[in-house]
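The values are calculated or read from the model by the stated rules, or taken from the named source; none is laboratory data. Bear in mind the structure is a predicted one, so any value in this text is a computation, not a measurement. Neighbour counts are summed over all protein chains in view; Cβ atoms, including those assigned to glycine, are modelled from backbone coordinates with ideal geometry. Just the protein is used for accessible areas: all its heavy atoms, side chains included, with ligands, DNA and RNA removed. Shrake-Rupley method; radii C 1.70, N 1.55, O 1.52, S 1.80 Å.
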Amino acid sequence: MREPLPEWPLFGMAEDVRPALALAAQRNLPLALATLVAVEGGGPRPVGTQMVFAEAIVAGYFSGGCVESDVADHAAACLEDGTPRRLVYGEGSPWPDIQLLCGARIEIFLERVPAGDPALAKLLAAQAERRPAVWISDGTRRLCVDPDTQAAWDGAIARHYDPTPRLVVFGSDPTALAISQLGAQSGFETTLVRPKGPEAGPPIAGIAYLRSEPEAALAAIGTDAWTAIAIATHSLEIDRTALAAALPSAAGYVGLLGARKRLPERLAPLRAAGVPESVLARVHAPIGLDIGGKAPWEVAVSVVGEIMALRHARAPETPREPVSKRDREGAWSASRPKEIKPADQEQF
């Protein structure tokens, strides 16, 4: 008999199941990996969503409570006999008593990954090295490869993984702290940078802290297309130095807190130094979605929301033009390298 799922599904709040995979690998445990491979009728989770089951480990969710317990039962059986399974819920399911409240039909591929599996080790290594990777498996044979190096064979699935999104916040006031905390809670690898700040960082779980100047801080952290930079310092000097370091970097998003009328004075030194207008256009200013609030948590929601919207290649649905006259050119989704794939476009 398997252990029942917890009454409160906190296990489903983490979108990325790689930490659970890493924990199972660290404990040398076999695990059951469930991957959503088909959705019909508008299901609650996109294709590519995953769950992980191992001894005292569960992560992810598919339906918010409709099928998770049954999937857990099949995962326990899969761990026992090692046989991969395809589970169907909704129309055509062998379990008609289990229905999604939304009326969707979903198909889940379930496989047993043994302890010490080489493909899993490669996947976790790619995550540590911030490289995209593709997991290819038919439940018996599995590979982890670089994107575009090998296609899935008949009967196998292919699931694309991007590096963990990263957020760098410059600032020290409540707004910068709120952006940092919400970023960490939302799954970003988050670093707060406060040049010449106090020795001890803020008492916020899950964030790193640096006291160095912007250029040195970004060099120490490293930037890539999956990195977002939020400049929220209320200091004209630090704003300028942070922009000077952030704009030429590989970061996929650079946002600046502050009134639009003050943007020219922040950009003037960069223009004078010959920075091209195409580079200056990368700045999202005023930072964040226009949700009408200015309290710290409201700004944090708008900033993290904008980063997520652009990361998933979506323009904000709330029209900004009549409110802020913001020029959306230079959005992250238009400027990032072609090899980056939104999390909801995994290949199957």
Per residue, in Å², the accessible surface of the chain once ligands and nucleic acids are set aside, probe 1.4 Å: 48 Å²
Whole-Hz couplings from phi, Karplus 6.51/-1.76/1.60, listed for the range 27-38; x for Gly and Pro: 8, 6, 10, x, 9, 9, 10, 10, 10, 6, 10, 7
Percent antiparallel among DSSP beta bridges (both partners in the chain, rounded to 5): 60 percent
Placed amide H near I231: partners under 5 Å, 5+ positions off or other chain: F170, G255, L256, L257
M13, M308, reordered so the largest accessible area comes first (probe 1.4 Å): M13, M308
Trypsin sites (Lys or Arg not before Pro) lying in DSSP loop within the range 258-308, provided at most 12 other Cβ fall within 10 Å: K294
Accessible area of the range 32-128 belonging to carbon and sulfur atoms, whole % at 1.4 Å probe: 52 percent
Added length on full extension, which subtracts the Cα-Cα distance from 0.36 nm per residue, R130 to E40: 29.1 nm
Expected 222 nm ellipticity per residue - DSSP helices of 4 or more, -39500 (n - 2.57), all of the chain, to 500: -8500 deg cm²/dmol
For the range 43-59, 3J(HN,Hα) per residue [Karplus equation, 6.51 cos²θ - 1.76 cosθ + 1.60, θ = phi - 60°, Hz, x = Gly/Pro]: x, x, 10, x, 4, x, 4, 10, 10, 10, 10, 8, 4, 6, 9, 8, 8
Using a Förster distance of 51 Å, the FRET efficiency for R86-K294 (Cβ separation, nearest 0.05): 0.55
DSSP loop GluC sites (Glu not before Pro) with at most 13 other Cβ within 10 Å: longest gap in the chain: 200-316
